[in-house]
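Engineer: Below are the structure tokens for one structure; questions will follow.
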Amino acid sequence: MLITRCHSPVSHRSLTIILIVVTVFLLTLLAKRERSQGTRQYELPFDLGIAISAQNGFQAVKPCAPDLDYLRRKEYGLTRNVIFRKRCFLGVYGNEIRPRESVSDVDRSLLGSRADILDLDDECNIISSVGSLDQARSCEPIQLQIPEPFPTANLSNVIFGVATTLSRLQDSVPQISHWMSGTGALFLAIVVDETVMDDDLASLESTYDSYDINLTAIRPWNCSLNVNEQHFAIIRDLVDYSDQGTQWAVIIDDDTFFPSPYSIEQLLASYDPAVPAYIGGLSESQGAVESFGVMAYGGAGVFMSISLVRQLDIHVDDCLAESLTREGDGLLKSCIYNYTRTVLTAIPGLHQLDMRGDLSGFYESGIFPLSLHHWKSWHQAPVDKMAKVAEFCGECFLQRWRFDANTILANGYSISIYEDGISQADLELIEGTWEAAMDYEGTMGKMRDKVEDSKKKSYRLIDAEEIDGNLRQVFVRHDSLDLDEDGEEETMDEVVEIWWEWSQD
């Protein structure tokens, strides 16, 4: 007789213990490996209140002082020891604001010579400093003239439309909420997933509602169309879901970002919605314009008066059947040009950002963008964190100040130190930092060459948050070299905290 033997099931507790042992072993090896390279903190994947580092092994996770504990956030990924500087600004609202094209000089040093090394594993205590921890956490404010905050935007006459997947709509909540929350706009999302359920759509609407966004999530009216074609086919849905107060329809991508909703309100206020209007931005890529034509590129946002959208509605099926292109932007352009007399009104501040690689030259150019695109694909930029400062001083977003003739603050994006200094003439030109940048001079104007990394030291913004009416911005430069307690080179991240307070002139 064949006897089948069954293995005893392993208890959840046993599995947990095994997993902990394996994790401890791997983390110990990892910590030892990184000892000579500068260490990062490794928290165990269980809520045990302990962590491991190369220097001290296992230890209890103790909080830092309340105003420094943020440095231990997992998403920052900082080394255990960090070179820390805190600088304070007093933003003074007034009328003496220089044009954005010119860079305001400040007769104070921004970073200076003072820096403190903090041990994030040891309650953020100071390892090396010229002063005390209290001194490291405080600073004398530098006064900067800044513009007033923008008024609260009212976009209740606008319907925004997007066609994308459920997961991308879920991932985009922080960025979309930055500019749409509380504006009164209608937001129509065509969810293209074949397997999406009614509960999924309802849950998505509930999530957006918690951010004060009026979202309606629906399935496509024609499921045979691909996602690019849906960007055009949404015309029919925009008409169906608009109401008597709707004057404008805007087609966006799920990674379209508007730094300021008030700027969009002002843009639309310049046009009569009763007149057919087709408004957008061209691609910065001359090759893209030559290949796809003069049209509104959708990542930058396509703005149409509702009167134009209603003209197109009756031709949607014909345009889908006749067009040679299957790209949504091209389908829309062809339909408008074939069935109406409306032509494109191109707005320079709407940025498609058809560039790849390092876009620091663009973000550090002093431009105030109406829209940004490709910020989580063709390049990486935490746009919602970057534009947080715009809530406090409007057009101060990406405004530039120069300190000590060699240090530039591009507000909300970076702090850059130029070894050989930087002139006003150079600052008037965009630094060509991205791939094949000089090919873009035909659309973006004359540029200057990329500065060698050895000649430019950069700190990039990774976070910004409001705290009791003030603003904390966090800039980081990863993997700087410094000396440890034994005089050996140690890799440490550098952190610059900028603390903003506000005052009337």
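Engineer: Hey, does the stretch 125-136 have a residue that's at pLDDT below 95, outside any strand (DSSP E or B) and crowded, with 19+ Cβ neighbours inside 10 Å?
Structural biologist: Yes: one or more hits.
Engineer: Let me ask something additional. List the strands (runs of 3 or more DSSP E) that sit entirely inside the stretch 348-420 and contain at least 1 residues that are open to solvent by 30 Å² or more (accessible area, probe 1.4 Å) and farther than 26 Å from residue 503 by Cα.
Structural biologist: 414-418
Engineer: Has the stretch 446-462 got any residue that is assigned to a helix (DSSP H, G or I), surrounded by 15 or more Cβ atoms within 10 Å (Cβ to Cβ) and hydroxyl-bearing (Ser, Thr, Tyr)?
Structural biologist: Checking the stretch 446-462: not a single residue is assigned to a helix (DSSP H, G or I), surrounded by 15 or more Cβ atoms within 10 Å (Cβ to Cβ) and hydroxyl-bearing (Ser, Thr, Tyr).
Engineer: I would also like to ask the following. Does residue 219 fit the bill of being out of contact with any Gly (no Cβ under 8 Å at 6 or more places or on another chain) and closer than 21 Å to residue 257 by Cβ?
Structural biologist: It is false that residue 219 is out of contact with any Gly (no Cβ under 8 Å at 6 or more places or on another chain) and closer than 21 Å to residue 257 by Cβ.
Engineer: Looking at the stretch 329-347, which of the residues that are of a type in the set (Val, Ile, Thr) and surrounded by fewer than 23 Cβ atoms within 10 Å (Cβ to Cβ) is nearest to residue 259 (Cα to Cα)?
Structural biologist: Going through the stretch 329-347, the residues of a type in the set (Val, Ile, Thr) turn out to be 336, 340, 342-343, 345, 347.
Narrowing further to those that are surrounded by fewer than 23 Cβ atoms within 10 Å (Cβ to Cβ): 340, 342-343, 345, 347.
On the way: 340: 32, 342: 28, 343: 27, 345: 21, 347: 16 Å.
If we take residues in the stretch 329-347 being of a type in the set (Val, Ile, Thr) and surrounded by fewer than 23 Cβ atoms within 10 Å (Cβ to Cβ), then 347 is nearest to residue 259 (Cα to Cα).
Engineer: How many of the residues making up the stretch 141-167 are among the β-branched types (Val, Ile, Thr) and closer than 30 Å to residue 501 by Cβ?
Structural biologist: Matching residues across the stretch 141-167 total 3.
The values are calculated or read from the model by the stated rules, or taken from the named source; none is laboratory data. As the structure is a prediction and not an experimental result, all values here were calculated from the model. Please note: Cβ atoms are built from the backbone with ideal geometry, for glycine as well, and neighbour counts cover all protein chains shown. Keep in mind that these areas ignore ligands, DNA and RNA; they rest on the heavy atoms of the full protein, side chains included. Shrake-Rupley method; radii C 1.70, N 1.55, O 1.52, S 1.80 Å.
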